[in-house]
Structures are given as structure tokens and as C-alpha cells.
1. What Kirkwood Rh does the stretch 255-336 have if only Cα atoms enter the pairwise 1/r average? Answer in Å.
2. Ile338 versus Thr79, label points 7 Å from Cα toward the beta carbon: distance in nm?
3. Taking the full set of protein chains and a 1.4 angstrom probe, give the accessible area of Lys383 in square angstrom, rounded to the nearest 10.
4. Could you tell me the ratio Rg/Rh of the stretch 32-89? Both radii from Cα atoms, Rh via Kirkwood.
5. Which shape class, rounded, prolate or oblate, goes with the stretch 112-203 when its Cα gyration tensor gives a ≥ b ≥ c as root eigenvalues, a/c under 1.5 marks rounded, and past that a/b bigger than b/c marks prolate?
6. In a Debye calculation with equal point scatterers on the alpha-carbon sites of the stretch 219-300 and no solvent, what is log10 I(q)/I(0) at q = 0.13, 0.25 Å⁻¹?
7. Counting only GluC sites (Glu not before Pro) that sit in a DSSP loop (anything but H, G, I, E, B) with at most 14 other Cβ atoms within 10 Å, what is the longest stretch of the chain containing none of them?
8. Sorted by mean Cβ packing within 10 Å, highest first, what order do the peptides 166-175, 207-216, 27-36 take?
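The values are calculated or read from the model by the stated rules, or taken from the named source; none is laboratory data. Keep in mind it's a predicted model, so treat the numbers as computed, not measured. Methodologically, a virtual Cβ is constructed for each residue, glycine included, from the backbone with ideal geometry; neighbour enumeration extends over all protein chains shown. SASA here: full protein model, heavy atoms, side chains in, ligands and nucleic acids out. Shrake-Rupley method; radii C 1.70, N 1.55, O 1.52, S 1.80 Å.
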Amino acid sequence: MYKYLINGQKELKGEVLISGSKNAALPLLAASLLTSGKTMLRNVPELKDIKTMLEVLKFLGVKYLFEKNNLELDTTKLTTHKAPYDLVKTMRASIYVLGPLLARLGKAMVSLPGGCAIGPRPVNLHIDAMEKLGATIKIEDGFIHATTKGLKGTEITFPKISVGATANILMGAVLAKGTTVIKNAALEPEVEELINFLIKMGARIEGKNTDTLTIQGIQKLKPVQYTVIPDRIESGTYLMAGVISESPITIKNMNVDHIRSLIRILEEIGVQLEVSNNSVKIKKISNLKGVYLKTLPYPGFPTDLHPLLTPLLTKIKGISVINETIFENRFAYIPELIRMGAEIEIDDHMVIIKGGSRLNGTKVMASDLRGGAALVLAGLIAKNETIVDRIYHIDRGYENMEDKLQKLGADIKRIKSDQ
Ligand code: UD1
């Protein structure tokens, strides 16, 4: 196991390049199962979660080559329909193979993912919708056992917006017989990306960027070459690194449209930014004021960026409030920030930050991906040394985080946990 050792209070300079999106790439990897042949994906981030999905695909019989962010997937022969517990338990997104396996093989056996540090995270929406699409589903021994004599188009109205369930059903519906209408679909850029990918494979999908998607099922899809979009949460993370350390850095190779909600909040706080299509430069940071915000489905403020905003809000005098409406337990990073000197209370789903604190470095522990990254941001402004342990959580979703921060001038090192 590794930990980060950070000596804070350094000014950052220069530019940082954003990697391909983890959450966009994961469903594309699963969607490659829908066709037989060689799919080529470019700009795939080299991350633990991607490697876990590749392990799942390999178990199913897929052959792959992954070099320098280019991934070739050969899905010609699938040898099983089973996604085992040992892999699925480490990453919930493994549930993405359910729709493609049902569509291609007519059966799927996927371990139930279980809970995780940010809340219970059920999969009922995936299962209910797949049943409507014509699958018979039993839950036995911790596995989802799904079979179908052929998926059939239907109308599905999600009672709650879910990125994962929208993606899974899309992947099932593209090869189903007849027309499927998905209502209350998620609008996240990762869903838009999956739609673009499926359309390139030959799928017929209408309604992109609206909450109603209409899919005309077809018999066969073809393998394609595709480039993954930049990671919007990573771009938000480095933007916050620059703002919190009051540094005039530039975030490049990003899609600005995908983080408009963060840009709006930063401008409301008082940060001046120079924004173009694919880059953001931090211009001026002065007289900042606290904010009230709510996490919401896209295009609202993303739940994944909530923990990354909190360290900045601990600096700004006055009260700020973040109302977390998506994941009820996304608060494990808060006691760690309090140990660094922040004044924060949690009231139901609200994070109430009494700003104006100066953070002090100490030993802290990451307990989930974005919460772990938030502790790194806190370390960048803390006095003295901050040690962030259990950074395997951060490695799940950030490509070369310490290299990128070092290039910007941060004093951050990765060392063995027992050192
Ligand atoms: C994805 C992202 C995650 C992000 C989240 C919300 C990936 C791999 N992960 O997760 O980083 O934080 O979107 O933008 O892309 N829910 C149910 N039943 C279900 C499914 C979800 O009740 O069957 C609930 C969840 O508990 C949560 C809400 O719906 O409260 C939204 O979850 P969802 O959009 O499905 O998140 P994920 O797709 O798991």
C-alpha cells in the first residue's frame, strides 16, 4: 500500500493536461461485448478501475491489448456469461456487463456489487428495467441470474435518474426486438458518450441530450474505433487545485461545457477565470465569499465534485453549505478535514462549513475516490506535512496524480505505507 506525503503551501504554475474519462470509458468497454470483432478505443486512462473492467472482460473471454492509452478489445469469442464476485466487489461499474451479456448471449450472471463507502448504492433500477425489457431475473447466492429468450422493446420510466441504469438499459435495448423508450434518462456526458459510441456501432437511438431516449433495436452492431472524451471530474479536481492554492494555472485538453456548473459556482464565489472551449485559466482570486449549493443530476452540480469543493470553502470566511442529494453517505472525508483544523458540521444531508480556518498538515486516510482527492487538495494548502494514507482509492480514478501535481510545482511524493 502507498501513501502521499505532501508539503503544502507551494504556489502552482503552468498547465495540466486532462486524461480520458474513466466513467465514460467504463461503459464503452462493456459495450464492446455487444459485437464480435476488434474494437479500438483511444484516450483510455490507465487506472485501476479500467484494469478491473478489463479483468472482468478477460474472464468473459475477451482478449485485449492496452498500451499508451490505446485499447484494442477482441470480443470475437465469449467463453462464459459469469462476472465473478472477486472482481465485481472491487468496482460497482462491473454491473455494466449485465445489459450487453443479456443482449449478446441471452444470459448473464453478475455478482451483486454490494455497498461502498459513499452509501448503499442499490441496483434495483437496473434489474427492474431489465425485467421490463424481457429478462427473467433471480437473485440467488449474491448473484444476479438473468436469462432471456430475446429482449423486447418496451417503455421504461425511471422513478429516479441513474447514470448506470440508463447506460445498462441502452446497451440491452440496442439489440432488442422493436422499439424501447427510456423516460427520465440521465443526461450526464458519459451517457451522451455511450450513445455516440453505440450510434457509431450502428445503433439507432434518438433523443440524445434529452431525458427521453428512443431506441429502434437492430440485429447486429459492428466493432468501431473511438476516442474517449476528457474526464470532467479530473478537470474539476485540477481546477480546484489551482483555485485553492491561489495559483494561475491552466487546465488543458478538457471539455469546458461538461463542468459549467462548477465554473458558475467558482464565479459566484469570486474566482475570475478565462474560459475557452477546451481550457480554463485561473486569472484572479480575491475577496471570495461562501456559497450554498446542491448536488444534482447533470447539468446540475456533480456529486463527484462535492468533496473537492469543501477544502476551498474551509478557507473562505463565512458559512457555506453543500446539500448532498445524490449519495447519502458521501461524508467520510469530513472528519479527516476536521482533524486538519476545518470547522464542519453534517446535518442530515447538509455539509455546513464555517470558513476562515487554516488547515494544518497531519496524517489522514482516504476512504473513497473523490474524498481521497479532497484530502490531497487540503494537503496542498495545509501548513507543514500532510500524509494521505490508503491512496489506492485515489488510484482507482486519477491517472498519474502525483506526476501531474509535481509538474505544476506541488511538493507531493508517493511512498510505501510502512515507510
Ligand atoms: C455514476 C458514476 C459516479 C457518480 C454517479 C452520479 C460511474 C462508474 N460512476 O455512478 O461516479 O457519482 O454516477 O453522477 O460512472 N440508485 C438506486 N438504484 C439503482 C441505481 C442507482 O437507487 O439501481 C440511486 C443511487 O443510490 C444514487 C442515485 O440513484 O442515489 C444516482 O446513482 P447513479 O446515477 O446510478 O450512479 P452510478 O451510475 O452508480
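1. Kirkwood hydrodynamic radius for the stretch 255-336: 13.6 Å.
2. Placing both labels 7 Å beyond Cα along the Cβ direction yields 5.1 nm.
3. 110 Å²
4. Rg/Rh: 0.96.
5. oblate
6. After summing over all Cα pairs, the log10 values are -0.45, -1.30.
7. 12-327
8. Ranking the peptides 166-175, 207-216, 27-36 by packing returns 166-175, 27-36, 207-216.
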